[in-house]
1. Would you look at the GNM of chain B, springs on alpha carbons closer than 10 Å, and say which of B:Thr153, B:Thr198, B:Thr297 moves the most?
2. For chain A, set up a GNM with springs between Cα atoms under 10 Å and report which of A:Thr222, A:Thr287, A:Thr60 has the largest fluctuation.
3. To the nearest 500 deg cm²/dmol, what mean residue ellipticity at 222 nm is calculated for chain A from DSSP H runs of n ≥ 4 alone, each contributing -39,500 (n - 2.57), summed and divided by the residues?
4. With axes computed from alpha carbons, what is the tilt in degrees of helix A:72-84 against the longest principal axis of chain A, rounded to the nearest 10 within 0 to 90?
5. Pull up the cross-link candidates among the lysines for B:Lys325, meaning alpha carbon to alpha carbon under 25 Å and not fewer than 8 places away within one chain.
6. Calculate the FRET efficiency for B:Leu189 and B:Glu154 from the Cβ-Cβ distance with a Förster distance of 45 Å, rounded to the nearest 0.05.
7. If one computes the Cα centroid of the range A:60-83 and of the range B:256-283, what distance in Å separates the two points?
8. Net charge within 15 Å of A:Val171 by Cβ-Cβ distance, Lys/Arg positive one each and Asp/Glu negative one each, not counting A:Val171 itself?
Amino acid sequence: MKFVNNLIASKYFSFFVTVLLFMILYAVGIMTYKGFMRPQVFFNLFIDNAALIIVTVGVTFTLLIAGIDLSVGAVLALTCMMLAYLMENTGVSPALAVPAVLVVGTAFGAFQGYIITKFDLQPFIITLAGMFFCRGLTAVISRDTISISNPFYVGIASARIGVFGLGFVSVGAVVALLVLIVAAIVLGYTKLGRTIFAIGGNESSASLMGLPVFKTKVLVYTISGFCSALGGIAYSLIMLTGYNLHGLGMEMDAIASSVIGGTLLTGGVAFIPGTLFGVLIQGVILTFITFQGTLSAWWTKIVIGALLCVFIIMQAFITAHKSRLSSKSSLEQTTPKNGPANP
Amino acid sequence: MEKLKQFTSSSLFLPIVALAVLLIFNAVFVDGFLHIQLTEDGRLYGRLIDILNRSSSLVILSLGMTFVIATSGIDISVGAVVAISAAVVCTFIGGRGDGIPEHPMVLAMLAAVGAGVVCGIWNGLLVAKFKIQAVVATLILMTAGRGIAQLMTEGQIITVYYKPFSYISGTIPGNILPTTIFIAAAMVLLVVFLMKKTSIGLFVQSVGINPTASRFSGINVTLVIFLVYAFSGLCAGVSGLIESSLIRAADANNAGLNMEMDAILAVALGGTLLSGGKFYIGGSVIGAITIQTLTTTMYALGVSADQLPVVKAIAVIAICLIQSKRCQEIFDKWKARHMQPDNPEEKAVNKA
């Protein structure tokens, strides 16, 4: 019983559940469909979800400080559209267009972060407005689909990087893995990462400890904006188009992946490898639907919604369980001390 | 002079001024804007009537949203619930080409409103019982809701040929005004009645200001929050009826699209703080009509529906900045330094 208690209270409980769920889903897939066994199916998870992985990392940062960023999907669409417009309609080379859109995305994130922190506004309302703003701006640039035909860009998009002769991954997938590694290092081993965790745990005590709360909060939204723009580039490498409705509802997918991967919505707790598995679970569900062939795409939305719900409610129970455990242990500690004092 | 000062500091000042500015702009630049005429079959017809007609579903939505925001929550699922309600009513009546309904229309309408209430109850359970942040709890339904609506209509757009169905958003023969105006008026009256004759309004406000203190003073906080979300669901259900009747079809992807933003904007414009507490039903109603006027004006200026969110997003951020305490403090400091008494609202708008 004690073992179970400790396991549930462990920092990585959500992570274990997620990895277990992923393995079960994958095993069911292998047993049901013949093609699931091929290693390429596994690599495809990374190729297809490269953009989502990158975006989710950004969202995880904002969730960590008990904030939220609902604008990620729209920033992604805006990035795709700007890339397509710059390269196709104005003939700017990709070497210039890619840094340009990254700067725009990052600046937009920084702007949102500044408003939220400076004026003490709710992050969801500002980022919701940001989401509508970017979607609208995408439509202002072009209401039609612009396809990217720049030979260099198309070359990058179709490049295949072999993995031990088992299969291949795309450039986007490699970028996504790099982002994951960098994020894990930043959160785990740098001053910035520690500050972010401290703010998520308790903002006023972080401030009293003399940590740069204002700067860090703005930086977190800036990181989220950068990740959305980078995700947009990865997305455009797959789609090779700019379109107003790209990444519709991606904010939900990203938040769901992050939560499924063990991020607490109340802030202060997140685990980057868990985030990866959160995305992979969604990828497996999508692969199931593709393999099955007759299920419709809207089932994904419903399943993800249900999954998110289950994990959020599980979180509520874990938090309640933890607080019960800690109150119990503090009781155990205090009673013997009081005992001898009052003979 | 005293009266004027009282009016400028009242919560209705901002929405009324915004509406007046928009109306004057329209009256000057749009031909025949103020013109209202009686058609041959005895209906009033004109742009003003049209704005009132189109704004009624938003008015209803913002009623529910006002209460939710007053408890310092938010409901971003209303757009998706509108889609669900639209899908339910159209599936019940059925898309038969000969215009014969598969179920009685009253039953279909009740089912649609019921579906809205069920969605609201779901949100209420998550927020009140499981203590999940309102944004995230309603985000679940915001995305999954459209999936559910698509599931009901099997991905098709169901077109209803049953004639009386169009009466909901049109006019019932013999009436002068569109039915939607009556529905909206009835909903507003119901809310005003509840506010005047019961203490629900006080409870909601108290929960929004301080839930812990409210609990200690004997208010069932969980129940109040739960009911508020259920009511928001009901409003979205009624709104869904109007939206589907307007196009006589259920379009799971586009019904009620971006309406959550409009509703939040209407409530914020009406003077209710997004951080909860004091709320103004009248302000929200005028706010909703203002938003619809803004939309109509933008369409008249040639802005397309998918570009419109840019304008509205800027409006939301501007209103948030005006409302924020920090912004007031910064402005007060600035005023103290320059010793120039000025109109605070005006300066805050400039700053935003």
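The values are calculated or read from the model by the stated rules, or taken from the named source; none is laboratory data. What you see is a predicted model, and the numbers here were worked out from it, not measured in a lab. Here the Cβ is made from the backbone with ideal geometry for all residues, glycine too, and neighbour counts use every protein chain on show. The area values use the complete protein model at the heavy-atom level, side chains included, leaving out ligands, DNA and RNA. Shrake-Rupley method; radii C 1.70, N 1.55, O 1.52, S 1.80 Å.
1. B:Thr198
2. It is A:Thr287.
3. Mean residue ellipticity, 222 nm, calculated: -25000 deg cm²/dmol.
4. 20
5. Cα-Cα hits under 25 Å: A:Lys118, A:Lys215, A:Lys217, B:Lys5, B:Lys278, B:Lys312, B:Lys333, B:Lys335, B:Lys347, B:Lys351.
6. For R0 = 45 Å, the calculated efficiency reads 0.70.
7. A separation of 24 Å, based on Cα centres.
8. Result for the neighbourhood of A:Val171: 0.
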